[in-house]
1. From the protein chains alone at 1.4 Å, what is the descending order of accessible area for M437, M219, largest first?
2. Given 20 Å bins starting at zero, what is the percent of C-alpha pairs of the chain in each, up to the one with the largest pair distance?
3. With r defined as the distance between the Cβ atoms of A450 and T405 and R0 fixed at 25 Å, what FRET efficiency is calculated, to the nearest 0.05?
4. For the chain, what is the accessible area per residue in Å² when the probe is 1.4 Å?
5. Percent of accessible area on the stretch 262-338 owned by carbon and sulfur, 1.4 Å probe?
6. For a quick size check, give me the Cα extents of the stretch 63-141 along its three principal axes, largest first, whole Å.
7. From the square roots a ≥ b ≥ c of the eigenvalues of the alpha-carbon gyration tensor of the stretch 386-489, which class results: rounded (a/c under 1.5), prolate (a/b over b/c), or oblate?
8. Working with all protein chains in place, sort H169, H224, H475 by solvent-accessible area computed with a 1.4 Å probe, largest first.
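The values are calculated or read from the model by the stated rules, or taken from the named source; none is laboratory data. Since the model is a prediction, treat every value here as computed from it, not as a measurement. For neighbour counting, all protein chains shown are included, and Cβ atoms are generated from backbone atoms with ideal geometry for every residue, glycine included. SASA here: full protein model, heavy atoms, side chains in, ligands and nucleic acids out. Shrake-Rupley method; radii C 1.70, N 1.55, O 1.52, S 1.80 Å.
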Amino acid sequence: MKVNPRRGAMLRMDRAGVAIAALLLGLVSVLFGMGRAHAAVGCKVTWSVNQWNNGFTANIGITNLGDALSSWTLEWDFAGNQQVTQGWSGTFSQSGKHVMVKNLSYNGSLATNASTSLGFNGSYSGTNDAPTSFTLNGTTCTGSAGGGTPTPTPTPTPTPTPPGNGGSHADNPFTGGKGYVNSEWSTEAKNDGGSAIANQPTAVWLDRIAAINGVNGGMGLKAHLDAAVAQGASYAQFVIYDLPGRDCAALASNGELGPTDLGRYQTEYIDPIASIMSDSKYANLKIVTYIEPDSLPNLVTNVSGNTATTNCQTMQQNGNYVKGVQYALNKLHAISNVYTYLDAGHHGWLGWDSNFGPAAQLFATVAKGTTAGVNSVDGFVINTANYSPTTEPYLPVNSQTRASTWVDWNYYVDESSFGAAFRQQLISDGFPSSIGMVIDTSRNGWGGSARPTGPSTASDINTQVNAERVDRRPHVGDWCNQAGSGLGARPTAAPAAGFDAYAWVKPPGESDGSSTSIPNDEGKGFDQMCDPNYGGNVRNGNSPSGAMANAPLSGHWFSTMFHQLLQNAYPPVQ
């Protein structure tokens, strides 16, 4: 079976100054609007702000304390001259100081006591005081229900006994045994000079419906699970990757399902996967699933402003990324020996202030909308099929380096620092403290002769940073078949506090996309970011793509790149 990789585009959001600590304010008003006599009404709004010089990000939580709503409109007046510049999870409009936000198609329904969240980037001058009052559908939010008849307390729905091993669900599925070695990838590696690493566990990408049963005579899901059991593996890894309108900000990894094909995704893709994984003969195997790379992060970064794409805007409006991920979590979490990790981009995508908090809140909103809530998620995977280093040993993050062209005011330059901080933000937004992070280290080693060996003494900040960074890409937004890259840390369980594993989610040697247009029946387009002669776009700072020449379609074996990964491995391949 061919493995379909991918890594979406990153986004840089312009901002100035240094962010101050986030301030969470529970805002309660003093008026309560009149509702119809037979309808209980009420609402609560929370407001949190992360601000810098003349700019800020606001995150808003809405809780419906009255009767169920099929749609909602939130309104408020700014206390100063604040302006909304970019919003998400709602349609924003502003007239003077008055702001109105209408729900999108996927988050309009709010049952009694249900919550949703939204947010925006804004500008201000002078003070940035919080609004003093909010209304939801014309009713002023007081933080309590009121009017009409009391809303009855719903009878709790019994939690069904999950299939699978019916027993313990480990805190970290990667500990206590060896991972499944995919014989199809292992054979490719051995035949191409990679015997020294061919025994490493890698994830299997289920990139289309046909992959469930195997394509072109290759192994399907059942065959892989049977092989994992025969190997005596403790865990096996699978990438769930076939959302409607998949990878809306890239072309090399577009999928087979159109933006509205949610029903097919549920019944023809997720349901068969869940059915196979729940077979009792796999009860003692920990099945690790990485849920839909590049999906939810795109709803934060690529739906407005100069980085927006029509495809991403469509997926935000129809809600099928959110609905699809929630359906996958509901089905897979119900199997007690299946572990679910949501994709959370990487430091060069969600690390900036304007993306960091909104992304965590979006993940929390999605998880809270599942049957098991935040407990449906075991953790988050970062750097999936990407090249961001696990650590930058010589590049400090301070006011000087943040001003460099490379760092560009980001607070993070590697995945260890980003992952640790993002995990704490996720916990603050409601996820349990047991969640763990996974870093894909399959191609982020950056060894070889170009790897720096110590800090630089250059006086120019850009010269210093470029000499110190181990990441040798032209830009942190480059993602396709990167020249000079190498294998990273070998798969390791519990490498640091809060991290469940370093894993090879992207099997080394698989192409990210073709360097020229190649006709195919796999639904894979040509993305200019895979063309070594491409001069870039707004998502990579109009920098060179950094891609290698003569690359095949995404997921196909790329021998030249595989040899480069071996040569530049860090730690070196013994």
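1. M219, M437
2. 21, 54, 23, 2
3. Working: r = 18 Å, r/R0 = 0.74.
FRET efficiency, A450 to T405: 0.85.
4. Per residue, the chain has an accessible area of 37 Å².
5. 45
6. The Cα atoms of the stretch 63-141 stretch 39, 22, 17 Å along their principal axes.
7. Cα axes put the stretch 386-489 in the oblate bin.
8. Details: H169 75, H224 0, H475 30 Å².
The ranking, largest first, comes out as H169, H475, H224.
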